[in-house]
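What follows is a short report on a single structure.
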Amino acid sequence: MRLASAAVLDQGDGAEISVAGEQASCDRLGALHFPALGLLCVSDLHLEKGSSFARRGMLVPPYDTAATLLRLQAVIDRYRPRIVVSLGDSFHDPEGAARLPEHTRAGLMSLMAGRDWFWVAGNHDPKPPAGLPGETVEALAIGGLTFRHEPSAQASEGEVAGHLHPCARIVQRGRSVRRRCFATDGARAIMPAFGAYTGSLNVLDRAYAGLFRREGLMAYMIGARRVFAIAGGLLHPG
Amino acid sequence: MRPEPATTAATLPDPFLKWFAERGWSPRAHQMELLAKAQGGRSVLLIAPTGAGKTLAGFLPSLTDLCDRPKRRPGQAHRGIHTLYISPLKALAVDIERNLARPVGDMGLPVTIETRTGDTPSHKRQRQKLQPPDILLTTPEQLALLLASSDARRFFEDLRYVVFDELHSLVTSKRGHLLALGLARLRAMVPALQAIGLSATVADPDGLRRWLVGQNPPGGMADLITVSGGAKPDVSVLDSRERVPWQGHSSRYAIPEIYEMVKQHRTSLLFVNTRSQAELLFQELWRINEDSLPIALHHGSLDVGQRRRVEKAMETNSLRAIVATSTLDLGIDWGDVDLVIHVGAPKGASRLAQRIGRANHRMDEPSKAILVPSNRFEVLECRAALEASTVGAQDTPPLVEGALDVLAQHVLGTACGAPFDAGQLFEEVRTAEPYARLDRDTFDRVVDFVATGGYALKTYERYARIRKTKDGLWRVSHPRVAQQYRLNVGTIIEVPALNVRYVRAGRGPASRGGPTLGKIEEAFLETLVYGDTFLFAGKVLRFEGIRENECYVSNAPGKDAKVPYYGGGKFPLSTYLADQVRGMLADPKRWKALPGQVADWLRLQAKVSVLPRRGDLLVETFPRADRFYMVAYPFEGRLAHQTLGMLLTRRLERMGARPLGFVATDYVLGVWALGDMGQLFKSGKIPLAELFDEDMLGDDLDAWLADSWLLKRTFRACAQISGLIEKRYPGQEKSGRQVTVSADLIYDVLRTHEPDHILLQATRADAAAGLLDVRRLADMLSRIRGRIMHKDLDRISPLAVPIMLEVGRERVDGEASESLMSEAEGLIEEAMGR
């Protein structure tokens, strides 16, 4: 079955970037599309995070997986990619895939049908998701690009990673704005988290130390209707 | 209602008679009256001004009863507590312990008195459970915790009295709702329990009287004893030599005059409405403090040690003036204050009366107070407050219906204490006044929410926190649930704040850091960049950076320091004062009492425009530069005006007036647009009656609310109180930001997928009563129906000047964030010459 209509989502305008010479567009919903490769990348879906919390007594609404998949469907409908890479932490915990309600699983499978689908292993979901097709890999090299969950300390050229959930903050006219963002210095890109319940970590935090060339850092901040390209020098920590 | 029993004279045991006689005192009439009623089995509300011996009155029934009680024989089981005393402040409980200890010691009464607060060490708590004191002094949160423990029944089985101090301040918040539910629980355990409420003067004593007793049948009330105030206070409004400004809240113009007053009195208490104003006023006073008078600062964000030092200095009368916010409102004893200066508008008549009461703890001497308005509308408001104080008018806020998030917390707490039957608990909850009108369906939905989250999609059955077992009782499903409950109990939501700590200039977070100055809200710190200066703790500080939970600062010179703002703490103008101000505007005869410059301002307004009649709404329109303005004068408080502004701009947009923005104050609402609103109103293209029609509170309100950040903020609090998200994990404090993020995300998801969820329902009800002030707006719209007075002008009127000076100062969220990012993006394009 198909998921409910995704047409209600305002996809707005993306922003064009290049990673190690490969052209890509940062979609406003938080996905990265490489047109020349016919490849769509999303990261940190954290599916079934709600039920993961519920197991520990926090009964947060059980609608996060549906909300995340609805947005995933919207970007897939938009780009009709040949290849989809889910860049790790696709499920919030190792049993997450097993907990998927049946109709949700069916909806996800219909999105996967007819494309090459890669589950990159993440720290939350090191094993292949139970009962789902697709290939689980530690890392994936396509063209000049390497897709892996955690950004590596070396070999940054052409690396696309997730894990850190970047956000950026600017201060203008005595006002502070914080948004999820794509972070790149042209050589490496770190993806924003795509999941409905995922928090974020400032791109200037110590956790990112050494990952970007300072002078080249750009944050593509995700606004309500489009993506904004903000120079690293204008960003604030915290 | 039961008939009032004939009051028989109270009997005082011998030790009491002797104690009074030795001191040449005799018990006051209201103390004996309360004792008599209590001895007759009644619950009582005592309303009395500061200094009337309220505390002793409240404890007299307990002390006399304990005095006559036979001693516990060796080997006999320990008795449960006899009297429970509940106060809004830890400090107050500690104070009372000290004040009671003296007479109890003097009389040699066999009575043990102990406090139990968040600061009580765990070994003492343990011991209190095994050997309960006769009188336990505690806070609402601690009561909830005691009730949620499995030995609650034994602990409370001998309880005779529960005494609520400062009841007027307890009942108006969610804290009061939780407390009312706790009281209902106590009554269920001990049906003969008697409640004694101690309160300052309030507008509706009957509400408090109902609150104290079980509402089964509905309408039951505690007996009332009212002690009228002593001497009338001597209140005046500053008639300044200087020009009173059109707008603003700094009162800078009056600083020299304030300083003069301080010099002429022994000790002055300077009250302001916000912490920001306190910092500003303190700074300005020291700037001209040529005599180096000891002037101190006191507000809730300052380091505790610093506050204690100021309080100590106050007690020993070594200060000449203290600048304070509402942290000093409650009944802690101070030294000899002989003048209260209220800087800024008082916002409410009762609020002013309570603050003036602080000045003098001897009932028979008049307190002296001077009101310093910071702008022209505030002159009118101060005058209205002064007149209210002369006639003793009261305008404390009305009690609101019990919140559902609080009920959810209580239901879980009840299950933690002992298994419960839903039907019985429902009946019990309805005996609490705030929940007396609760329906069974809503109650069942709350129980369902506590059990599995209450979602239409029933996926969490297996993770249920409470379960109905075969015997029909609801039980906690896992011991961990009770543990989580205990860590999250209470209704006070901390605003995310960071410690402010000294470092050496330029060293930033790298250095170790010096002493802590207090806490500042994260929302303000986020607007700072390295090197910015701001006022805090009475100092000019330079922002050096943030590391984890600390904000580093160094001393800085400089005058252009920013002033931190704090969420909350701003009270809107009371309905009563608003009506008085409207009455004053409409009646030129009353202008004689106003300072000359303000009366002149009103006369000029009457000449070039018009002054509205008391019940009318004046709407002025005029062009200015390339825009068209509409200014309305409802005087209904900032919150109601903000809501009105949001709704009006939506309507004006739809009706084709192309509105651009609006700004709201406590008195006035200003809207600006590209379309000529004056023309549109006059020609009937936009009928004013239609624009201001009450139906705006229907669909328009719902549509706007859905996206409003106000609702997100309200939801965050509801989610924490109801136990949907945790305040903290066992052993680990969650930082404010992480909670913020997840609550907002949860809100978005829930709103899209289950807009009728009970927690969203609770959130909307909360916002309507709180941040949106919908009730007041509704009352206003119905009042002005058919009474809108439109005046189309060719230029700005005198009355409109204050609001026009506010234009452009408003901070509106949402759309503005997008334009800020767009601006930042533009900066590089500009730099790159593209």
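The values are calculated or read from the model by the stated rules, or taken from the named source; none is laboratory data. This is a predicted model, so every value here is computed, not measured. Quick reminder, even Gly has a Cβ in these numbers, built from the backbone with ideal geometry, and neighbours come from all protein chains shown.
Looking at (1) more than 21 Å from residue A:119 (Cα to Cα); (2) within 18 Å of the chain's Cα centre (by Cα), which is the only condition residue A:175 fails?
Unmet condition: (2).
Within region B:320-328, does at least one residue satisfy the condition of being within 20 Å of residue B:367 (Cα to Cα), modelled with pLDDT of 85 or more and more than 27 Å from the chain's Cα centre (by Cα)?
The answer is yes; a qualifying residue exists.
Return the only residue of B:52, B:36, B:91 being within 26 Å of residue B:167 (Cβ to Cβ), within 27 Å of the chain's Cα centre (by Cα), part of a helix (DSSP H, G or I) and not charged (D, E, K, R).
B:91
Based on this model, can you work out whether residue B:74 counts as crowded, with 19+ Cβ neighbours inside 10 Å and out of contact with any strand residue (DSSP E or B) (no Cβ under 9 Å at 6 or more places or on another chain)?
No; evaluated as a whole, the condition is false for this residue.
Could you say whether any residue in region A:207-215 is within 14 Å of chain B (Cβ to nearest Cβ) and either free of Cβ contacts under 8 Å to residues at least 12 places away in the same chain or not hydroxyl-bearing (Ser, Thr, Tyr) (or both)? Let's see the steps before the verdict.
At the first step, the residues of region A:207-215 found to be within 14 Å of chain B (Cβ to nearest Cβ) are A:207, A:215.
Remaining after also requiring either free of Cβ contacts under 8 Å to residues at least 12 places away in the same chain or not hydroxyl-bearing (Ser, Thr, Tyr) (or both): A:207, A:215.
Yes.
When residue A:146 is evaluated against the numbered criteria (1) away from chain B (no Cβ under 14 Å); (2) buried (at least 22 other Cβ atoms within 10 Å of the Cβ); (3) not in a loop (DSSP other than H, G, I, E, B), which criterion, by number, is the only one it fails?
(2)
What number of residues within region A:12-25 are within 13 Å of chain B (Cβ to nearest Cβ) and assigned to a strand (DSSP E or B)?
2
Return yes when residue B:701 is more than 30 Å from the chain's Cα centre (by Cα) and either in contact (Cβ under 8 Å) with a residue 24 or more places away in the chain or assigned to a strand (DSSP E or B) (or both) and no when it is not. Let's see the steps before the verdict.
Working: more than 30 Å from the chain's Cα centre (by Cα): no; either in contact (Cβ under 8 Å) with a residue 24 or more places away in the chain or assigned to a strand (DSSP E or B) (or both): yes.
No: the conditions fail for residue B:701.
I need the full set of residues from region B:699-736 which are at pLDDT 80 or above, among the hydroxyl-bearing types (Ser, Thr, Tyr) and within 21 Å of residue B:413 (Cα to Cα), in order please.
Within region B:699-736, B:722 is the sole residue that qualifies.
Scan region A:38-46 and tell me whether some residue there is among the charged types (D, E, K, R) and more than 10 Å from chain B (Cβ to nearest Cβ).
Within region A:38-46 (the criterion being among the charged types (D, E, K, R) and more than 10 Å from chain B (Cβ to nearest Cβ)), the answer is yes, since at least one residue qualifies.
Starting from residues that are crowded, with 17+ Cβ neighbours inside 10 Å and farther than 17 Å from residue B:301 by Cα, keep the ones in region B:548-566 and report whichever is modelled with the highest pLDDT.
B:554
For residues that are within 8 Å of residue B:673 (Cβ to Cβ) and surrounded by fewer than 18 Cβ atoms within 10 Å (Cβ to Cβ), scanning just region B:644-660, find the one that is modelled with the lowest pLDDT.
Once the filter is applied, the top-ranked residue is B:660.
Filter region B:493-538 down to the residues that are at pLDDT 85 or above and among the basic types (Lys, Arg) and list them by number.
B:501, B:519
Taking only pairs six or more apart or across chains, which ones have beta-carbon atoms under 8 Å, a first residue in region B:337-357 that is assigned to a loop (DSSP other than H, G, I, E, B), and a second residue that is hydroxyl-bearing (Ser, Thr, Tyr) and surrounded by fewer than 22 Cβ atoms within 10 Å (Cβ to Cβ)?
Correct list of pairs: B:337/B:267; B:338/B:267; B:348/B:576.
Of all residues in region B:252-309, which are surrounded by fewer than 16 Cβ atoms within 10 Å (Cβ to Cβ) and β-branched (Val, Ile, Thr)?
B:288, B:304
Hey, which of the helices (runs of 4 or more DSSP H) in region B:404-513, taking only ones fully inside, have at least 3 residues that are within 14 Å of chain A (Cβ to nearest Cβ)?
Ranges flagged: B:404-417, B:440-452, B:479-488.
Select from region A:108-133 the residues that are closer than 19 Å to residue A:39 by Cβ and without any contact (Cβ under 8 Å) to a residue 24 or more places away in the chain and list them in ascending order.
A:113, A:114
Look through region A:110-141, keep the residues that are among the hydrophobic types (A, V, I, L, M, F, W, C) and assigned to a loop (DSSP other than H, G, I, E, B), and return whichever of them is nearest to residue A:70 (Cα to Cα).
Taking the candidates together, the pick is A:113.
Look through region A:51-68, keep the residues that are within 10 Å of residue A:195 (Cβ to Cβ) and more than 7 Å from chain B (Cβ to nearest Cβ), and return whichever of them is surrounded by the fewest Cβ atoms within 10 Å (Cβ to Cβ).
Per the criteria, the residue is A:68.
I'd like the full set of residues that are at the interface with another protein chain (Cβ under 8 Å from one of its Cβ atoms) and either in contact with a Leu (Cβ under 6 Å, 6 or more places away or on another chain) or crowded, with 22+ Cβ neighbours inside 10 Å (or both), limited to region A:180-206.
Scanning region A:180-206 gives A:196, A:197, A:198.
Output the residues belonging to region B:704-718 that are in a helix (DSSP H, G or I) and closer than 16 Å to residue B:755 by Cβ. Don't jump to the end; show me each part of the working.
Let us first name the residues in region B:704-718 that are in a helix (DSSP H, G or I), namely B:704-707, B:709-718.
Within region B:704-718, B:704, B:705, B:706, B:707, B:711, B:712, B:714, B:715, B:718 meet the criteria.
Please verify whether residue A:134 is away from chain B (no Cβ under 14 Å) and farther than 30 Å from residue B:748 by Cβ, treating the condition exactly as stated.
Answer is no for this residue.
Please list, ordered by first then second residue, the pairs with beta carbon atoms under 7 Å, 6 or more apart or interchain, first in region B:307-326 and more than 23 Å from residue B:351 (Cα to Cα), second modelled with pLDDT of 80 or more and in a helix (DSSP H, G or I).
Taking only residues 6 or more apart or on different chains, the pairs are B:319/B:313; B:320/B:262.
Answer yes if at least one residue in region A:78-97 is over 21 Å from residue A:28 (Cβ atoms), more than 17 Å from the chain's Cα centre (by Cα) and either facing chain B (nearest Cβ under 10 Å) or buried (at least 20 other Cβ atoms within 10 Å of the Cβ) (or both), and no otherwise.
Yes, region A:78-97 contains a residue that is over 21 Å from residue A:28 (Cβ atoms), more than 17 Å from the chain's Cα centre (by Cα) and either facing chain B (nearest Cβ under 10 Å) or buried (at least 20 other Cβ atoms within 10 Å of the Cβ) (or both).
Let's see how each residue does on (1) farther than 19 Å from residue B:141 by Cβ; (2) assigned to a loop (DSSP other than H, G, I, E, B); (3) touching a residue at least 40 places away in the same chain (Cβ under 8 Å):
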residue: B:169; (1), (2), (3): no, no, yes
residue: B:176; (1), (2), (3): no, no, yes
residue: B:181; (1), (2), (3): no, no, yes
residue: B:207; (1), (2), (3): yes, no, yes
residue: B:215; (1), (2), (3): yes, yes, yes
residue: B:218; (1), (2), (3): yes, yes, yes
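So, of the residues in region B:195-205 that are part of a strand (DSSP E or B) and not small (Gly, Ala, Ser), which turns out to be surrounded by the most Cβ atoms within 10 Å (Cβ to Cβ)?
Top of the filtered list is B:196.
Looking only at region B:185-194, decide whether some residue is crowded, with 20+ Cβ neighbours inside 10 Å, within 25 Å of residue B:395 (Cβ to Cβ) and of a type in the set (Lys, Arg).
No, region B:185-194 contains no residue that is crowded, with 20+ Cβ neighbours inside 10 Å, within 25 Å of residue B:395 (Cβ to Cβ) and of a type in the set (Lys, Arg).
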